[in-house]
1. Counting only DSSP beta bridges with both residues in the chain, what percent are antiparallel, rounded to the nearest 5?
2. When only Cα pairs under 8 Å and 6 or more residues apart are kept, what is the percent relative contact order across segment 265-396?
3. Hey, what number do you get for the chain at 222 nm if only DSSP H runs of n ≥ 4 count, each worth -39500 (n - 2.57), divided across all residues, to the nearest 500?
4. Could you work out how far apart the two model spin labels at S220 and I7 are, taking each label as a point 7 Å from the Cα in the direction of the beta carbon, and quote it in nm?
5. Going by C-beta contacts inside 10 Å, put T163, T442 in order with the fewest on the left.
6. Out of all DSSP beta bridges in segment 1-160, what portion is antiparallel? Express it as a percent rounded to 5.
7. What ratio of Cα Rg to 2.2 N^0.38 Å holds for the chain?
8. Equivalent-ellipsoid semi-axes (√(5λ), Cα gyration tensor) for segment 150-292, whole Å, largest first?
Amino acid sequence: MKTYDDILGLIGKTPLVRINNITKQHKIKAKVYAKMESLNPGYSVKDRIGISMIDWAEREGVLKKGGTIIEATSGNTGIGLALVAAVRGYKCIFVLTEKASTEKVRYLKGLGADIVVCPAAAKPGTPDHYVATAKRISEETPNSFYPDQYNHPENPAAHYRTTGPEIWDDTDGKITHFVASIGTGGTISGTARYLKEMNPNIKVIGGDPYGSIFKTYKESGFIPEATPYLVEGIGQNLPVGNANVSIIDEIINITDRDSFDLARQLGRREGIFCGGSTGTIFAAALKVAAELDENGLVVFIVCDTGEHYLSKFHSDEWMKEKLLLEPQRINAGLIAETKDGSSPKELICVSPDDLLSDAFAKMTEMGVTQLPVIEDHRSVGSLKESRVLTKLLGDRELLNSKVGDVMDASFPVVDVDTSLNEIKAKLQKHPAVLIEDFKRITAIITRSDVLDILK
Ligand SMILES: Cc1ncc(COP(=O)(O)O)c(C=O)c1O
């Protein structure tokens, strides 16, 4: 029989997958391979350290039967630890920051863990910081193990023992460049140590978000003030024990925009559905690969699955809110769905049989300056405040007329997939456009709705 004794047997031995379409577009001659850590049973690179730190604690007698594992995590290490805890019967408490996606929090709860959430803005060393909170809870909990992934030697050691040799063997020793991110630093430090022992010419590159300290810290020894960024799980505002920056040859800063854009491209163009930190790493890998000839062989880490971020950067709505969505992805449906709070979300309209006085009162009450006239879900005309006022100045009695007798032509009608550019062109001639979906007018887009996107 070909079976596994438990889920933990599936950790590691992840494949290398060649990147084709994106490298071709960038005219890259070197071979670029993704190390598919998202195929681990907890869907991230951190499964490797979950089991190695727990094995250590059991060996050393730190973790005893029925004990509790307590850790500060951006989510993935928690998942790696929780898998082992589920199989071996430990309890888990994980301390996360508000930045962790809802998907990761629910996943951890699904694996039976208890969750404590700390403010993302809490500074290291303050009592509310997630690391200080995890430490405090572990001190207060009897028979508990606090792995401390930032300093535990079994974190880089797991990658030295497994990730490094797998990459070396699977490339037949031909790897020339290794690219990873730096969160705790375990992946990059442990893998780099093995690879450089096998061949000191292998270059190791770290992808780091703008706002994190690692690049400046490596290049000057100075610790700059960190600034916020949106990518999860990587970068730091202080040096950490397991991030051995001296083994890294170069650190490349990457913007949130490029990280999310490239992570999304990996899904759409290579079928590799990944998280934002993989986008940071892949952006750095492409920069490195662009400088190489056909003898270059770049391996980069796919840290985790995109499923952890369905409500974040894999959502067009979230990307639009953060002003990060590529303009070509913005269409009529998305604009209507994500109108900001100042414009009414529901369609405000009148019927041709309504009295103009009622229509005018509706405009004033709802604070709108135009109204579509709808009959049987179709657009039959429009009312614009300035035109109505001009007509009323000439003849006040018109207030008692029906809308159908005084209305103007309908606003242009588009479908949900109409692009932002087409909508912008129509709004240069008309104050609004209407969206038709399944033969019903469902929404209106005004000039101010589009200006909100372009701000
Ligand atoms: C999504 C994600 N990417 C990358 C990393 C970085 O890995 P490491 O801590 O080994 O530097 C982490 C670490 O938690 C992570 O959660």
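1. Values: 20 of 56 bridges.
Percent antiparallel among DSSP bridges in the chain is about 35.
2. Working: 98 pairs, mean separation 17.8, N = 132.
About 13 percent, as a whole number.
3. On the way: 18 runs with 168 residues, N = 455.
My calculation for the chain gives -10500 deg cm²/dmol from helical runs alone.
4. Distance between label points: 4.6 nm.
5. Working: T163 29, T442 16.
Listing T163, T442 from fewest to most nearby Cβ atoms yields T442, T163.
6. Numbers: 3 of 15 bridges.
Antiparallel bridges: around 20 percent, rounded to the nearest 5.
7. Values: Rg = 28.0 Å, N = 455, 2.2 N^0.38 = 22.5 Å.
Relative to the 2.2 N^0.38 Å estimate, the chain comes out at 1.25.
8. On the way: eigenvalues 94, 80, 38 Å².
After diagonalising the Cα gyration tensor, the semi-axes are 22, 20, 14 Å.
All of the numbers you see were taken from the coordinates with simple rules; none came from a lab. Keep in mind it's a predicted model, so treat the numbers as computed, not measured. A quick note on method: Cβ atoms are made from the backbone with ideal geometry, for glycine too, and the neighbour counts reach across all protein chains shown.
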